[in-house]
Amino acid sequence: MLNRLEMLRIFCCAAETRNFREAAQQLGISPQAVTRAIQQLESQLGELLFHRNTRQCRVTRSGERLAAQARLSVEGIDSLFRLAEDSATQPVEGHVRLTAPEAIGQASLVHSLARLRQQHPGLRFELHLEDDETNVVDEQIDIGIRHGLIRDSRFVARQVAEVRFFMVASPALLQQTGSPQTLAELQAQPVVSTIDQRTGRPWPWFFRQDAQWIPREPALLGNSTQAECAAALAGLGFAQLPGFIAIPHLRQGTLCEVLPALAPMPWALSVYRPQRSPVPPRMRAVYDWLVRDFSNPDFFPASP
């Protein structure tokens, strides 16, 4: 049995041509298929739509009324699909909401998006930058960047890089305290840290073999890794920072790494989107662009 839309499409063509055989030729189907479709439609509506005999085919009054309404409906539905098909050839434009850790967003992400917008000036971006995990449903996020575990298996996620962690201090602080040779020596020194908003405690430091340490009395406790980095640069204490924050300062010599043998295994950096399908062209363009950029070690380095 044909679906109702297809029956209406066949009926509209038959009503316009006043000839089942000609309608069949225009639609690329057999005359018998046209006859069956009209019979099914008449059966469902309980109305005779055509007066037909061996010599002529004439639309009934009920058929004329139905044809007037059906043409509008069929054309409206067809226009929806034409709009979707045409979007593939239209400019990539529209609003995209993104989330990322603050340091990635303020540095790498905005530079990447600026270059993309040069190619697609119709794109508009809204950034939600925070170090804690974003509620992508409440915030209506289209695309995100995150280091660490992506807990929601419904997301489409691509690992694009690895994020190393570095224990660092300023040269001035190391001149005062000396470089620690063991974890115990490091723990005896002043440290700076970032608060875990979920627990209200400092984020733990991570080490080899999944060992962790939570500083008890940090010299400074901030609400962002950017603040933690600023405190380390000012010589307030030792810090453990992800590579996307630490590497530029390690290259410049404004921070120095300590105890590299105790560094934990790198974390995955992923670009993800909550929506599996369908994906609008603007979101596909931004997602693919970010995957390419953050997979490039020259753009997003993993080591000093």
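The table below gives the values:
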| read-out | value |
| --- | --- |
| Length released on extending from Asn296 to Arg124, taking residue separation times 0.36 nm less the Cα-Cα span | 59.5 nm |
| 19 Å reach of a label modelled at Glu93, 7 Å along Cα-to-Cβ, counting backbone N of segment 104-120 | 114-120 |
| Percent RCO, i.e. relative contact order, over the chain, from Cα pairs under 8 Å lying at least 6 residues apart | 20 percent |
| Dipole in debye (nearest 20) - the chain, about Cα centre, beta carbon charges: Lys, Arg +1; Asp, Glu -1 | 1500 debye |
| Backbone HN-Hα couplings from phi across segment 184-196 [Karplus 6.51/-1.76/1.60, Hz, Gly and Pro as x] | 4, 5, 5, 5, 7, 9, x, 10, 10, 8, 10, 7, 8 |
| Listed residue (Phe11, Ser30, His51) projecting farthest to the positive dipole end of segment 4-86, Cβ model | His51 |
| Simple Cβ-charge dipole of segment 1-150, Lys/Arg +1 and Asp/Glu -1, about Cα centre, in debye nearest 20 | 1480 debye |
| Computed label-point distance, nm, for sites Ala68 and Ile214 using a 7 Å Cα→Cβ extension | 7.5 nm |
| Accessible area per residue, Å², the chain with all protein chains present, probe 1.4 Å | 56 Å² |
| Cα long-axis angle, helix 31-45 against the chain (0 to 90 degrees, to the nearest 10) | 80 degrees |
| Among beta bridges that DSSP assigns inside segment 165-262, antiparallel share in %, nearest 5 | 70 percent |
| Burial order of peptide ranges 286-298, 254-266 (average beta-carbon count within 10 Å, highest first) | 286-298, 254-266 |
| Protection proxy ranking of 15-23, 231-239, 149-157, 67-75 - average other beta-carbon atoms within 10 Å, highest first | 231-239, 15-23, 67-75, 149-157 |
| Separation of alpha-carbon centers, segment 19-61 and segment 236-296, rounded to whole Å | 64 Å |
| Whole-number percent relative contact order across segment 4-86, with pairs defined as alpha carbons under 8 Å at least 6 apart | 30 percent |
| Percent accessible area from carbon and sulfur atoms, the chain, protein chains only, probe 1.4 Å | 49 percent |
| Relative contact order (percent, whole number), segment 165-262, Cα cutoff 8 Å, 6+ residue spacing | 44 percent |
| CD proxy at 222 nm, helix term only [per DSSP H run n ≥ 4: -39500 (n - 2.57); per residue of the chain; nearest 500] | -12000 deg cm²/dmol |
| Interchain or long-range residues, amide H under 5 Å from Asp131's placed H | Glu102 |
| Shape of segment 165-262, Cα gyration tensor, a/c cut at 1.5 | rounded |
| Magnitude of the charge dipole, segment 165-262, Cβ model with Lys/Arg +1 and Asp/Glu -1, debye to 20 | 100 debye |
| Sequence ranges 113-125, 33-45, ranked by mean other-Cβ count within 10 angstrom, highest first | 33-45, 113-125 |
| Nearest 10 degrees, 0 to 90: helix 61-86 Cα axis against the chain principal axis | 30 degrees |
| Gain on full stretching of the segment that runs from Asp288 to Gln56 - 0.36 nm per residue minus C-alpha separation | 77.6 nm |
| Rounded tilt (10° steps) of 243-252 against the dominant C-alpha axis of the chain | 50 degrees |
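The values are calculated or read from the model by the stated rules, or taken from the named source; none is laboratory data. Just so we're clear, the structure is a prediction, and the values are computed from it rather than from any experiment. Every residue, glycine as well, gets a Cβ built from its backbone with ideal geometry; the counts of neighbours run over all protein chains shown. To get the accessible areas, we keep the full protein, side chains included, count just its heavy atoms, and leave off ligands, DNA and RNA. Shrake-Rupley method; radii C 1.70, N 1.55, O 1.52, S 1.80 Å.
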